[in-house]
Every structure is written in C-alpha cells, then in structure tokens.
Amino acid sequence: MIKKFFRFLISKLFLVNFGIAVVFFAIVFLVLNIYLKSYTRHGDSVTVPNLIGMQTEEAITLIEESDFDYIIVDTVFDNKYEKGAVVEQNPIPESLVKEGRKIYLKVNSRQDELISMPQLTGFTLRQVTSMMETYGLVIGNLRYVPDIAVNVVIKQQYKGRDIEPGEKIKKGSSIDLILGLGIRDITTTVPSLIGMTYKEASNNLLDLFLNTGAVNYDNTVKTKNDSLKAKVYRQSPQYSTINEVNLGYNVDIWLTKDESLLNASQNEAEEEMEEEEND
C-alpha cells in the first residue's frame, strides 16, 4: 500500500496536476496582491498641510485641494488666535498619511465668550490682580483719589461707566479701577521696561501702581502672534531711580521684533543706568 502511494507521488499524472495547482495559486496570489496594493494605495502617502492659525474657510479650501476630507469636532475660545481660526488639527501638520484621510479640526469661536463681572471693590490692587487673571479680564487704567484705604479698589468701571458685579461682560475686557491714594500724595519711580514683552512690561508697571499708556508697534509687528513676541525698545518717561511720578501715571511704550534695535536699546539703557548711579 505504501509502495503504491509513493509510486503515485512520483507518477507523471500527480506531478502534472501538482504543477498546475502551484501555478494556479501563484497567479491568484499575485493578482490579489496587486489588487490590494492598488486598493489601499500601498506606499502612497501625502503630507498633511499646516492649518493652524488659518481662517476656517481658507483651511477647508486647502484641505479639499489636497484631496483630504475634514470634520470640525469642536469650537473653543482661545485668545491666542483670531476668531474663526483653526486652533488644533489631527493629524498634526507635516504628518504622512494616505490620500482621502479625514482631518479633524478645532476652531476658534466667532462669538465672544461672556463671563459674570466679579466683585472687585473692597479688595487691594494685589488681590484684584490675581482675581482678574482668574476671570480672564485685564486691568485697564488705574486712577487714584484721596481716600483712607490706600491701594484698595473703590470703584470698578467698564468703558467709562460703573459696572456692577454679576453683569455679563466679554472675557478679555479691560476694567478700569479707581483706588484710594491715602491722606497724602504717594509717588514711585519709573522702572526700565526695555527688552520686556507687552505683558511683562504691563505687569511690571502694575506692581508699581503705574499705568501702561500708549502702546506703539513698529512695522516688524504684523500679526497678533508677532505682538506677543515683540519687546519694548523705547519708553516714556524713561527709567529713573531719582525722578518720581504719582501713582497712576501713564508710561508709553514702543515695541519691535527687530533684534538689532533691541540690542542697541538695551545697551543704551544700561549706559544710562550706570550714568545715573554714578551721578
């Protein structure tokens, strides 16, 4: 029986049929492999464009031109971007993906985010500074009036009028404060703001109970992102440890992204400091 089986395995009939079967399955494998590669675009990938910061309509146009699909998954409030701009995308920019891939977008709301105005009166300026940051509000002008409560908020105002706690207001709004000066005039010195960003300079002035006056950007600042990175290269009045000004005084600043201008301004400011210290 076993001998007959081995004779069958080496017979011409078996070998011919076995060869035909091998060729058949090889052809089927090659055809399926070619089809699957074509169907899945095997090895064919494209780069995801950077959509962050683009207006939604502009981003959608670019997505469609690049043969992608898109889904807007969320609308958020983000002060770092313009209204209607893309703030987040998935897949991330410069990723390699297959054509037709969906890109998921988060976009900045075109509506203003509203909050309830907090109670600021009765608190010190230092306390109010922390409260304002928590609520997403900005301290506007400081005005001092004679009052026994030194540096305590007496009134809170929005666009020239008193604003009551609980009133709905746009997040990011500037709130002017009227504070007590005490029973005598109090003065302070003007700090050096050269090399600081707007936020750093504003906080520095606030710590000394001074106002940020006119804010001027040169032609190197073209976008909102530029304005966040720009630094002070000029201020008025200038830094002084001798000359003092009243609390609530306005200090004007000029900002740039030009590094050579900043370096020159910083060197000049350091020389002026040394001269004043030596006088």
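The values are calculated or read from the model by the stated rules, or taken from the named source; none is laboratory data. Computed from a predicted structure; not experimentally measured. Cβ atoms come from the backbone with ideal geometry, glycine included; neighbour counts cover every protein chain shown.
Does Arg110 meet the test of being crowded, with 16+ Cβ neighbours inside 10 Å and either out of contact with any helix residue (DSSP H, G or I) (no Cβ under 6 Å at 6 or more places or on another chain) or at pLDDT 95 or above (or both)?
No: the conditions fail for Arg110.
Residue-by-condition table, conditions (1) over 30 Å from Asp185 (Cα atoms); (2) in contact with a helix residue (DSSP H, G or I) (Cβ under 9 Å, 6 or more places away or on another chain); (3) in the same structural domain as Lys168 (by TED's automatic domain parsing):
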position	(1), (2), (3)
Pro91	yes, no, no
Ser95	yes, no, no
Ile103	yes, yes, no
Met117	yes, yes, yes
Leu125	no, yes, yes
Met132	no, no, yes
Tyr135	yes, no, yes
Leu142	no, yes, yes
Val145	no, no, yes
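I'm trying to understand the selection: among the residues of the range 200-253, which are closer than 20 Å to Gly140 by Cβ, part of a strand (DSSP E or B) and within 24 Å of the chain's Cα centre (by Cα)?
Across the range 200-253, the qualifying residues are Thr212, Ala214, Val215, Asn216, Tyr217, Val232, Ile253.
Residues Leu210, Leu255: which one is in contact with a Ser or Thr (Cβ under 9 Å, 6 or more places away or on another chain), more than 30 Å from Val87 (Cβ to Cβ) and not assigned by TED's automatic domain parsing to the domain that holds Val153? Even if it seems obvious, please write down each step before you answer.
On the way: Leu255 fails: more than 30 Å from Val87 (Cβ to Cβ).
Answer to the check: Leu210.
Quick one: in the range 95-143, of everything that is of a type in the set (S, T, N, Q) and in a helix (DSSP H, G or I), which residue is farthest from the chain's Cα centre (by Cα)?
Gln127
Do you know which of the residues in the range 48-88 that are under 22 Å from Leu137 (Cβ atoms) and either of a type in the set (Asp, Glu) or assigned by TED's automatic domain parsing to the domain that holds Lys224 (or both) is modelled with the lowest pLDDT?
Within the range 48-88, the match that is modelled with the lowest pLDDT is Asp78.
Considering only residues that are assigned to a helix (DSSP H, G or I) and of a type in the set (S, T, N, Q), look in the range 254-279 and name the one that is modelled with the lowest pLDDT.
So the residue we want is Asn278.
Within the range 239-247, identify whether any single residue is crowded, with 19+ Cβ neighbours inside 10 Å and outside the structural domain of Arg161 (by TED's automatic domain parsing), and answer yes or no.
The answer is yes; a qualifying residue exists.
For the range 221-279, what are the residues that are farther than 13 Å from Thr189 by Cα, touching a Gly at 6+ places or on another chain (Cβ under 7 Å) and among the aliphatic types (A, V, I, L, M)?
Scanning the range 221-279 gives Val232, Leu262.
Scan the range 260-270 and tell me whether some residue there is in contact with a Phe, Trp or Tyr (Cβ under 6 Å, 6 or more places away or on another chain) and surrounded by fewer than 18 Cβ atoms within 10 Å (Cβ to Cβ).
Yes, because at least one residue in the range 260-270 is in contact with a Phe, Trp or Tyr (Cβ under 6 Å, 6 or more places away or on another chain) and surrounded by fewer than 18 Cβ atoms within 10 Å (Cβ to Cβ).
Mind counting the residues in the range 54-72 that are within 19 Å of the chain's Cα centre (by Cα) and outside any helix (DSSP H, G or I)?
Result for the range 54-72: 2.
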